[in-house]
Amino acid sequence: EEMWTMKVVLPSLFVATRSQINPSVELGGDPRGIKALRPMEAGEVVVQVPVKEAMNLGTTSTAAEAAVVLLREKYRKSRRRFDAYLKDLPKDIVNIYTSTAEDLKYLPTDELKILAQTRINWTQHVFRTRARPALFGGKQIEEEEFHWATAVVASRTLSIAAPNGDVVKYLIPFLDMANHDERSKHKVVLAADGNEFRLVCGEAVPSGSEIRISYGSLAMDEAAMYYGFIPDTAKERLCAVDAFGWTPDEQPPFGRPALPTNRSLSDELDRLEVRLLAARNESRPVIPTDTASQAASLFGVLANERVKALEKSVNSLKLAMEKTEL
């Protein structure tokens, strides 16, 4: 079967798989991304990856449980199908799973600090109870590597609807390099024959533009804590932790649920004003500009943007109430 040729920054991975990549895109680099090298039309296939070349993480409910699968593939003694892919995964990943206790101090609100620590505690529990050498070809996994694997899964997994209706998690070479834009119309789909994943243009793409996919309607705190960045579009709305109805058990993206019909604008304004006052008065350590880690700096930005989002929401509610009184 003939392969397409293209500008690819991960040649070893390309040769090791039977993936097909449109010759009119540039893929890889630092930071990661997929860029069109010519105008592309809606419906064009950007990347095709055989299902057998993707790492099936199953329907595991947490990143830590899926990390066991990733590391099992990394250290298996035979049928090592993912060596090239694993070799090219980034060594440094910024999210809560690779953050230190010092980094977590810069998260806004005790609610997020507790949530992050709870997720980390669960990761440590899975490591202690399930990361046995017998699963990894006799290799004794270090806790630091287990946290790295959990961070990889949290930030790069794609959830695909299977024909039977199950939602299965995969790590898919090349496709996991697509960056996020929740407004994107481009889609990762499973082909009708079930044999390959495809990234398909959902609309025309100008030459030189990046081809992004949506990770969902992520709020700022969700994006920062699990993916290691803050999308510009998310700055226009509340953090998930500040949204009505949020609980620590919610999995991202929490979305923007509508207020119950029996809840007045006045009640919601009162709730948000209390949270805004607390956010303004929150005592946070000063971030050392010359020595701060990437995570600490990110969480510091999150804290500042959270206050702005609360202020905007409070002002919007006040305007809405003024209109209803006219």
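Screening I141 against (1) among the β-branched types (V, I, T); (2) in a helix (DSSP H, G or I); (3) over 27 Å from N281 (Cα atoms) leaves a single unmet condition, (2).
Taking residues in the range 231-245 that are free of Cβ contacts under 8 Å to residues at least 40 places away in the same chain, and partners anywhere that are open to solvent by 30 Å² or more (accessible area, probe 1.4 Å) and of a type in the set (S, T, N, Q), not one pair has Cβ atoms closer than 6 Å while being at least 6 places apart or on different chains.
Kindly indicate whether G165 is in contact with a helix residue (DSSP H, G or I) (Cβ under 8 Å, 6 or more places away or on another chain) and either assigned to a loop (DSSP other than H, G, I, E, B) or on the phi > 0 side of the Ramachandran plot (or both).
no
The condition (being part of a helix (DSSP H, G or I), in contact with a Ser or Thr (Cβ under 6 Å, 6 or more places away or on another chain) and surrounded by 19 or more Cβ atoms within 10 Å (Cβ to Cβ)) is satisfied by just one residue among A149, A84, A64, A116: A64.
Out of G29, G43, one residue alone is at pLDDT below 90, at positive phi and open to solvent by 20 Å² or more (accessible area, probe 1.4 Å). It is G29.
From the list E305, E282, the one residue that fits, being closer than 20 Å to K113 by Cβ, surrounded by 13 or more Cβ atoms within 10 Å (Cβ to Cβ), of a type in the set (D, E) and touching a Ser or Thr at 6+ places or on another chain (Cβ under 9 Å), is E282.
Listed conditions (1) out of contact with any helix residue (DSSP H, G or I) (no Cβ under 9 Å at 6 or more places or on another chain); (2) surrounded by fewer than 18 Cβ atoms within 10 Å (Cβ to Cβ); (3) in contact (Cβ under 8 Å) with a residue 12 or more places away in the chain; (4) small (G, A, S) are all met by A36, apart from (2).
Picking from residues in the range 178-228 that are among the hydrophobic types (A, V, I, L, M, F, W, C) and in a strand (DSSP E or B), the one that is farthest from the chain's Cα centre (by Cα) is V205.
For the range 144-188, the set of residues classified as farther than 20 Å from P253 by Cα and either aromatic (F, W, Y) or touching a Gly at 6+ places or on another chain (Cβ under 7 Å) (or both) consists of F146, W148, P163, F174, listed by residue number. Taken as a whole, the structure places D290 among residues that are within 30 Å of R156 (Cα to Cα), open to solvent by 40 Å² or more (accessible area, probe 1.4 Å) and not aliphatic (A, V, I, L, M).
The values are calculated or read from the model by the stated rules, or taken from the named source; none is laboratory data. Since we're looking at a predicted model, the values are computed, not measured. Here the Cβ is made from the backbone with ideal geometry for all residues, glycine too, and neighbour counts use every protein chain on show. When the accessible area is computed, the model is the full protein with side chains, heavy atoms only, and any ligands, DNA or RNA have been set aside. Shrake-Rupley method; radii C 1.70, N 1.55, O 1.52, S 1.80 Å.
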